[in-house]
1. Could you give every pair whose Cβ atoms fall below 7 Å, whose first residue belongs to region 17-34 and is away from the ligand (no atom under 15 Å from the Cβ), and whose second residue is assigned to a helix (DSSP H, G or I), counting only separations of at least 6 or pairs across chains?
2. Looking for something farther than 27 Å from R142 by Cβ and buried (at least 19 other Cβ atoms within 10 Å of the Cβ) - is there at least one such residue anywhere in region 29-51?
3. Residue under question is P93, and the condition is that it be loosely packed, with under 12 Cβ neighbours inside 10 Å and within 8 Å of the ligand (Cβ to nearest atom); does it hold?
4. Whether any residue in region 10-23 is touching a Gly at 6+ places or on another chain (Cβ under 8 Å) and surrounded by 19 or more Cβ atoms within 10 Å (Cβ to Cβ) is what I want to check.
5. Can you find a residue in region 130-138 that is over 23 Å from R25 (Cα atoms), in a loop (DSSP other than H, G, I, E, B) and near the ligand (Cβ under 8 Å from one of its atoms)?
6. Only residues in region 100-120 that are closer than 14 Å to A88 by Cα and touching a residue at least 12 places away in the same chain (Cβ under 8 Å) count as the first member; pair them with residues that are within 16 Å of the ligand (Cβ to nearest atom) and assigned to a helix (DSSP H, G or I), Cβ under 9 angstrom, at least 6 apart or cross-chain, and list the lot.
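Values in this text are rule-based calculations from the coordinates and carry no lab data. Note that the structure is a prediction, hence the values are computed from the model and not measured. Cβ placement follows ideal geometry from the backbone for every residue including glycine, while neighbour counts extend to all protein chains displayed.
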Amino acid sequence: MALKGPEIVEVQGSDGLEGALPLLRRALAEGPARERVGAAERFVRESLGGRGALLLLARGPGPVDLGVLFAAASGNPFLGTSVPLVYALFVRPENRRAGVAAALLARAEKVYRARGYGELAAEVPYQDDALISMGERRGYVREREWMAKDL
Ligand SMILES: CC(C)(COP(=O)(O)OP(=O)(O)OC[C@H]1O[C@@H](n2cnc3c(N)ncnc32)[C@H](O)[C@@H]1OP(=O)(O)O)[C@@H](O)C(=O)NCCC(=O)NCCS
């Protein structure tokens, strides 16, 4: 019998957001925005409901959510483009290596395709080979190198 993947739920409106907050806050606290969790949470709140934003939860059989994905479209006024970017992808440590992140990402791609976007992007720490190869196995291609200098 085929293994059943997690149920993926698209969070709609502020009621849904309240239910997603425990895991979302944990994802923010352990992610690249850990120094500004409050501001990052405000950004999620303000973006939700817009065409460019997406908050997904992975549900298991129990009461606790397994994983979360948040993405929002970033405009480039210079190029006149708008590309959705995955800002947070987090799976509870006890539920990792079971396809939860893959299921969240697959749903995000499907939703954005249905909304008319031609691309989904993610920012990955430089030379994080595990994450890069996870993306590459799913058809993601390295397009840019981001260069920065401390001022
Ligand atoms: C990265 C993360 C989201 C993966 O979640 P997951 O549910 O365990 O991933 P999946 O089970 O769907 O695995 C997807 C693929 O990645 C691989 N993978 C997952 N974690 C890995 C790791 N730590 N090292 C190497 N490969 C890994 C899996 O083997 C799988 O490979 P496949 O392409 O052959 O199927 C999870 O480890 C996590 O929450 N990490 C902390 C936050 C983070 O780094 N987020 C990503 C940046 S936004």
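1. Once the first residue is away from the ligand (no atom under 15 Å from the Cβ) and sits in region 17-34, its partners that are assigned to a helix (DSSP H, G or I) give L17/R45.
2. The answer is yes; a qualifying residue exists.
3. Details: loosely packed, with under 12 Cβ neighbours inside 10 Å: yes; within 8 Å of the ligand (Cβ to nearest atom): yes.
Yes.
4. Taking every residue of region 10-23 in turn, at least one turns out to be touching a Gly at 6+ places or on another chain (Cβ under 8 Å) and surrounded by 19 or more Cβ atoms within 10 Å (Cβ to Cβ).
5. First pass over region 130-138, keeping only residues over 23 Å from R25 (Cα atoms): 130, 132-138.
Restricting the remaining residues to those that are in a loop (DSSP other than H, G, I, E, B) gives 137-138.
From what's left, near the ligand (Cβ under 8 Å from one of its atoms): 137-138.
Checking region 130-138: at least one residue is over 23 Å from R25 (Cα atoms), in a loop (DSSP other than H, G, I, E, B) and near the ligand (Cβ under 8 Å from one of its atoms).
6. Filtered contacts from region 100-120: A101/M134; A102/M134; L105/M134; L105/G135; L120/L105; L120/A108; L120/E109.
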